[in-house]
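A.B. asks: Provided herewith is a single structure, encoded as structure tokens, for subsequent inquiry.
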Protein chains: 2
Amino acid sequence: MKRALLCLALVATALPARTPAPDVRSWRQAHERQVLDDFAKLVAMPNVATTLADVDRNAAYLSQQLESRGFTTRLLRASEDTPATVYGERSTPGAKRTVLFYAHYDGQPVGQKGWTSKPFEPVVRAGDRIVDWRSTSGPIDPDWRIYGRGTGDDKASVQAMLSALDALKARGIKPNVNIKIIWEGEEEQGSPHLAEIVRANRELLKADLLIMGDGPMHQSGKQMINFGNRGITGVRLTVYGANRPLHDGHYGSWVPSPSVMMARLLASMRDDTGQILIPGIYDDVAPASAADRDALAALPPIEDDLRRQFAIGRTLTDRLADGYLQPTLNVRAIHVGDEGPNAANAVATEASASLDIRLVPDQKPARVQEQVERFLTGLGWFVVHDTPDAATRLAHPKVIRVDWDEGSSEAIKTALDSPAGLAVAQSIGRTVGYPVLKLPISGGSSGIADVVNALQVPMVGVSIANFDDNQHAQNENLRIGNLWDGIEVYAGLLADMSW
Amino acid sequence: MKRALLCLALVATALPARTPAPDVRSWRQAHERQVLDDFAKLVAMPNVATTLADVDRNAAYLSQQLESRGFTTRLLRASEDTPATVYGERSTPGAKRTVLFYAHYDGQPVGQKGWTSKPFEPVVRAGDRIVDWRSTSGPIDPDWRIYGRGTGDDKASVQAMLSALDALKARGIKPNVNIKIIWEGEEEQGSPHLAEIVRANRELLKADLLIMGDGPMHQSGKQMINFGNRGITGVRLTVYGANRPLHDGHYGSWVPSPSVMMARLLASMRDDTGQILIPGIYDDVAPASAADRDALAALPPIEDDLRRQFAIGRTLTDRLADGYLQPTLNVRAIHVGDEGPNAANAVATEASASLDIRLVPDQKPARVQEQVERFLTGLGWFVVHDTPDAATRLAHPKVIRVDWDEGSSEAIKTALDSPAGLAVAQSIGRTVGYPVLKLPISGGSSGIADVVNALQVPMVGVSIANFDDNQHAQNENLRIGNLWDGIEVYAGLLADMSW
């Protein structure tokens with residue numbers, strides 16, 4: 001064991017270890033306002049992919065940004081009425097390896113309540129106070145945050161790449177890999193066309209390594225890389241009572257209650273500790289390997305801090321990532337009846353719930369969907385996939401409409417000790433000056449699974465956004481210091497990585 | 001047994017049996033458009049009691065309507081900023097009995113989705129087709145319906161009284177009772193001040209019988225009277241997860257899920273058959289008497305029709321009213337997270353549910369509330385009655401906020417064979433030409449309980465609205481024939497009732 005460690009140490013020493021970080025940092029320090037201004041401009045472009053014109057404007061802008069940095073670009077689309085994936089490539093003479101960088105420029109919907117500034121009018125805040133940063137002088141405080149949809153998820157990765165290219169050029173440092181970029185425009189819609197686009201462009205996208213630039217960093221603030229993503233399949237369930245709202249005094253003891261039926265159904269799907277109660281759902285789950293367990297154990301403990309920050313009196317598992325190598329069933333939303341000023345003493349006509357199940361490697365979405373539907377049938381539910389007509393509702397004691405979300409994805413996972421993975425870890429380690437944390441699999445999901453499967457390429461996820469970036473929610477933000485660090489990390493991945 | 005039946009028949013025959021119904025009908029037939037126009041004018045007055053100016057306009061209008069019919073009126077209020085109960089009285093020289101008529105002129109909130117015409121712009125429809133009834137000639141089809149908030153619940157009773165007074169006057173028929181009227185303005189808010197108003201005006205409101213004019217008729221279309229109402233206590237429950245929305249991939253296996261907690265809590269409160277699972281809740285429930293059971297059994301079976309109309313494949317009890325003499329727990333609403341275009345793969349910060357429990361005689365709201373809170377505590381919930389602070393949320397694994405609704409009410413019940421009750425039954429029987437149905441207790445609730453308790457008066461509920469009037473929901477309506485019949489019923493109660 002000692003010999004093995006020594007060998008690894010020798011290999012690491014033998015690799016070129018010249019990080020561009022100091023040069024990149026001095027460039028960034030001289031251009032902070034310019035970089036932040038570029039980023040604010042990017043965030044100000046609405047990017048919810050349900051509005052095609054919005055994401056198209058982002059795509060055109062980003063293509064132009066890449067071209068101005070010497071890239072050849074193309075917009076890859078499944079069809080004319082779907083968002084574009086921005087593709088760019090730039091060769092490096094003499095480079096041995098080609099690295100494909102993925103990020104996405106679209107963002108989650110913005111209709112959540114509680115945005116304290118408009119999602120597409122980015123502002124910088126020091127705590128709660130808005131900072132007129134353009135008028136200030138001196139260095140920008142790295143703990144200031146910029147707010148807006150897409151700041152953390154995932155335009156930070158896009159900006160880090162653009163600014164890293166600028167920094168390297170300005171300091172005369174050449175990349176040592178051929179660069180390919182795909183920036184997706186509908187990741188937050190479940191990447192419905194990414195697989196098709198990648199399959200149609202296998203040769204174009206061929207690479208030795210895929211860097212997946214998405215997701216938040218470790219909560220400790222340390223750089224972390226991940227070796228995969230969980231998959232996901234989502235579903236909307238609707239259960240039915242009477243076909244009109246009924247006075248709950250006169251009918252409540254006789255007519256089935258959609259709210260109670262839904263509550264009882266959901267309670268039968270997941271217990272109080274987070275275990276999923278759907279038979280068979282753990283059948284395809286592989287036990288965690290020793291390497292996975294070791295990597296998980298090496299993550300700095302942040303749970304007590306998180307508990308305090310989130311004001312929660314208990315957690316479902318001890319360590320945050322304990323559950324990542326298991327599927328998780330999340331009940332995203334439940335809606336029945338009206339509350340507040342519109343509340344009525346009525347039995348509602350239907351109840352709906354929105355769920356997702358995060359999947360681990362070897363779980364196939366189709367099989368999980370079958371398991372869920374078999375479970376429902378076993379509980380006496382008559383399963384339909386469209387609005388049930390009156391005859392159907394009359395004929396069955398319990399009718400449930402099951403609408404599977406578009407865009408299920410499988411989990412992917414790269415071996416922790418693959419050569420490309422080690423190269424990424426070492427480059428980032430040199431950039432930041434400490435051993436990068438390794439997450440065997442990310443808790444979240446990504447359409448990147450389709451890319452990995454189509455290209456048969458090792459993948460390492462590199463995150464730069466702060467963990468508390470409110471991604472997917474109101475007041476999404478990026479800690480500005482994370483962007484600064486991200487630029488150095490990306491510069492290292494371009495100019496200081498070899499295997 | 002035969003002898004008893006015979007005696008009853010003799011008594012019935014011995015009472016004055018001169019119903020004004022034929023005279024009232026001929027008057028109504030000659031004045032249909034006038035009556036309907038009056039009614040439409042009344043319905044067009046917004047009457048949601050959360051807007052005081054709206055209900056005040058109704059109250060002023062109704063006072064004027066009563067004064068124009070020879071009544072002395074007063075507006076009874078708990079305070080200046082609360083809705084008025086319209087009081088009116090008119091003596092009948094030589095009358096032996098005084099009858100107090102109750103109805104309410106306020107309506108449920110109107111924010112429900114799916115109103116096909118505006119709630120305060122009444123329209124008449126033949127099926128789905130809007131009828132320009134003012135321009136038509138010939139009799140108005142009694143199966144046409146007038147749509148608008150308050151049509152069925154409960155302005156129909158108000159209009160029936162006003163038109164009955166007009167009809168009797170026009171035909172020269174004198175009432176044979178002293179008439180007192182209270183029309184409440186905040187019944188749909190839970191009658192928060194009715195008790196106070198009645199207690200402050202006991203002498204003014206003294207009567208030998210209270211006619212409670214609210215609620216829907218029997219589903220068979222037959223006239224039905226009831227001898228009480230269930231009570232109600234309502235509550236809003238809120239449970240908490242993290243204090244900010246969290247990505248459900250990264251946090252869903254670790255952070256408690258408010259949606260799952262709420263689902264599991266609600267599932268533990270009521271089973272699939274409607275039984276309440278809160279310990280002690282049935283302790284104060286008296287068994288149904290033989291008379292109650294007989295009256296229930298005599299109700300025409302309408303359940304198969306209802307099942308088909310409502311398109312439900314099962315029911316919780318065999319007969320609709322089987323559960324009325326038991327408490328019922330209704331989950332009116334559940335809300336967690338966003339659905340549809342704003343849906344996010346996030347763990348929500350909190351989940352809320354709105355419940356009510358319908359109470360039967362001898363159940364005290366305060367005791368039921370205690371039982372519910374003890375049940376919650378027993379399940380490990382830390383119960384608070386205001387927004388919990390971070391320290392509270394951090395200190396307890398499960399925190400629940402419990403907000404009891406204003407305006408709980410107790411159940412009331414009058415004996416089926418009380419003299420006043422028999423007088424009502426006989427009067428209506430003569431009006432309609434068949435034995436009126438008797439419901440031992442109504443499934444719904446009413447602030448009338450406070451009136452009955454304060455005045456110590458027998459109460460009989462007289463309903464005229466069609467059962468499918470969508471009360472408490474969108475597209476509330478009144479079948480016009482029910483208004484015509486209601487006018488005759490009220491005329492009978494004024495001029496053909498003695499005991």
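Coordinate-derived values only; no laboratory data. This one's a predicted model, so the numbers in the text were calculated from it and none came from an experiment. With ideal geometry, Cβ positions are generated from the backbone for all residues, glycine too; neighbour counts draw on all protein chains shown.
A.B. asks: HN-Hα J couplings of region A:384-391 from phi, Karplus 6.51/-1.76/1.60, θ = phi - 60°, integer Hz, Gly and Pro as x?
C.D. replies: These are the phi-based 3J(HN,Hα) values: 10, 10, 8, 4, x, 7, 4, 4 Hz.
A.B. asks: How far is B:ALA390 from itself in the other copies, in nm, if each label sits 7 Å out from Cα along the Cα-Cβ line, shortest first?
C.D. replies: With the label placed 7 Å along Cα→Cβ, B:ALA390 yields 5.6 nm.
A.B. asks: If you restrict to DSSP beta bridges whose two residues both lie in the protein assembly as shown, what percentage is antiparallel, to the nearest 5?
C.D. replies: Antiparallel bridges: around 70 percent, rounded to the nearest 5.
A.B. asks: Find how many whole Å separate the alpha carbon centroid of region A:344-378 from the alpha carbon centroid of region B:260-310.
C.D. replies: Cα centres, region B:260-310 to region A:344-378: 28 Å.
A.B. asks: Can you work out the Karplus-derived ³J(HN,Hα) for every residue in region B:229-245? Use 6.51 cos²θ - 1.76 cosθ + 1.60 with θ = phi - 60°, whole Hz, and x for glycine or proline.
C.D. replies: For region B:229-245, the Karplus curve yields 9, 6, x, 8, 9, x, 8, 10, 10, 10, 10, 10, x, 5, 7, 9, x Hz.
A.B. asks: Determine, for each peptide in A:243-256, A:311-324, B:127-140, A:482-495, the mean count of other beta carbons within 10 angstrom over its residues, then list the peptides with the highest first.
C.D. replies: A:482-495, A:243-256, A:311-324, B:127-140
A.B. asks: May I pose another question? For peptide A:265-273, compute the average count of partner chain beta-carbon atoms within 10 Å of each residue's beta-carbon.
C.D. replies: Across A:265-273, the average partner-chain Cβ count within 10 Å equals 5.
A.B. asks: Once the other residues with Cβ under 14 Å from the Cβ of A:ILE302 are scored (Lys, Arg +1; Asp, Glu -1), what is the net sum?
C.D. replies: Every neighbour counted, the sum reads -2.
A.B. asks: Could you work out how far helix B:419-432 tilts from the main Cα principal axis of chain B, as a 0 to 90 degree angle to the nearest 10?
C.D. replies: 70 degrees
A.B. asks: Given a cut-off of 28 Å, name the pairs among A:LYS155/A:LYS413; A:LYS41/A:LYS169; A:LYS398/B:LYS155 whose C-alpha atoms lie farther apart than that in the structure shown.
C.D. replies: Result: A:LYS398/B:LYS155 exceed 28 Å.
A.B. asks: Restricting to DSSP loop positions (anything but H, G, I, E, B) with no more than 11 other Cβ atoms inside 10 Å of their own Cβ, which GluC sites (Glu not before Pro) remain in region A:45-115?
C.D. replies: Here the sparse-neighbourhood loop sites are A:GLU80.
A.B. asks: Under the convention of a label 7 Å out along Cα→Cβ, give the distances in nm from B:ASP37 to the same position in every other copy, shortest first.
C.D. replies: 7.3
A.B. asks: List, in order, the whole-Hz ³J(HN,Hα) value for each residue of region B:359-374 obtained from phi through the Karplus relation with A = 6.51, B = -1.76, C = 1.60 and θ = phi - 60°; use x for Gly and Pro.
C.D. replies: 10, 10, x, 6, 7, 9, x, 4, 5, 5, 4, 4, 4, 5, 5, 5
A.B. asks: For A:LYS222, go through the lysines and keep the ones whose alpha-carbon is under 19 Å away, minus same-chain ones fewer than eight residues off.
C.D. replies: Those lysines meeting the cut-off are A:LYS438.
A.B. asks: Could you tell me how far the Cα centroid of region A:195-223 sits from the Cα centroid of region B:446-470, in Å?
C.D. replies: 68 Å
A.B. asks: Would you list B:GLU184, A:GLU121, A:GLU186 from fewest to most Cβ contacts within 10 Å?
C.D. replies: Final ranking by Cβ density, sparse to dense: A:GLU121, A:GLU186, B:GLU184.
A.B. asks: A follow-up question, please. Residues of region B:206-230 with amide nitrogen under 20 Å from the 7 Å Cα-to-Cβ point of B:ARG319?
C.D. replies: B:216-230
A.B. asks: Can you give me the angle between helix B:156-170 and the longest principal axis of chain B, using Cα atoms only, in degrees from 0 to 90, rounded to the nearest 10?
C.D. replies: On a 0 to 90 degree scale, this one is about 10.
A.B. asks: Per the helix-only calculation at 222 nm, which mean residue ellipticity applies to the protein assembly as shown, given -39500 (n - 2.57) for every DSSP H run of n ≥ 4 and division by its residues, nearest 500 deg cm²/dmol? Provide the component values of the computation, followed by the final result.
C.D. replies: Numbers: 32 runs with 332 residues, N = 998.
It comes out at -10000 deg cm²/dmol, rounded to the nearest 500.
A.B. asks: Quick query: amide H of A:ARG230 versus all other amide H atoms, modeled in the peptide plane; which residues come in under 5 Å with a sequence gap of 5 or more or a different chain?
C.D. replies: A:SER442, A:GLY444
A.B. asks: A follow-up question, please. Compute the signed sum of charges (Lys and Arg +1, Asp and Glu -1) over the other residues within less than 9 Å, Cβ to Cβ, of A:ASP356.
C.D. replies: 0
A.B. asks: Here's another thing I want to ask about it. For A:VAL384, list long-range residues whose amide hydrogen, built 1.01 Å from N in the peptide plane, is under 5 Å from its own amide hydrogen.
C.D. replies: Here the answer is A:ILE400, A:ARG401, A:VAL402, since their amide H atoms fall under 5 Å of that of A:VAL384.
A.B. asks: Roughly speaking, what % of Cα-Cα pairs in chain B are separated by over 44 Å, rounded to a whole number?
C.D. replies: Result: 18 percent of Cα pairs exceed 44 Å.
A.B. asks: While we're here: Roughly what % of DSSP beta bridges within chain B run antiparallel, to the nearest 5? If you can, show how the numbers build up before the last one.
C.D. replies: On the way: 49 of 73 bridges.
Around 65 percent antiparallel, to the nearest 5.
A.B. asks: Scan around A:VAL347 for amide H atoms under 5 Å from its own, H built in the peptide plane at 1.01 Å from N, and keep only partners 5 or more places away or cross-chain.
C.D. replies: Here the answer is A:LEU246, A:HIS247, A:ASP248, since their amide H atoms fall under 5 Å of that of A:VAL347.
A.B. asks: For the pair B:THR72 and A:ALA126, how long in nm is the line joining their label points, each one 7 Å along Cα→Cβ?
C.D. replies: Each label point is offset 7 Å from its Cα along the Cβ direction, giving 7.5 nm.
A.B. asks: Of all beta bridges DSSP finds with both residues in region B:95-234, what is the antiparallel percent, to the nearest 5?
C.D. replies: The answer is about 35 percent antiparallel.
A.B. asks: Sum up the charges of everything whose Cβ sits under 12 Å from the Cβ of A:ALA21, counting Lys and Arg as +1 and Asp and Glu as -1, but leave A:ALA21 out.
C.D. replies: Taking every Cβ under 12 Å from that of A:ALA21, the sum is +1.
A.B. asks: When the label point is put 7 Å from the Cα of A:LEU379 along its Cα-to-beta-carbon vector, which residues of region A:397-415 have a backbone N closer than 11 Å?
C.D. replies: Flagged as within label range: A:400.
A.B. asks: Shortest first and in nm with one decimal, please list how far the B:ASP305 label point sits from its counterparts in the other copies (point 7 Å along Cα→Cβ).
C.D. replies: So the label point of B:ASP305 gives 6.9 nm to the other copies.
A.B. asks: Right, next: Relative to the longest principal axis of chain B, what angle (0 to 90°, nearest 10) does the C-alpha long axis of helix B:258-267 take?
C.D. replies: Roughly 50 degrees, rounded to the nearest 10.
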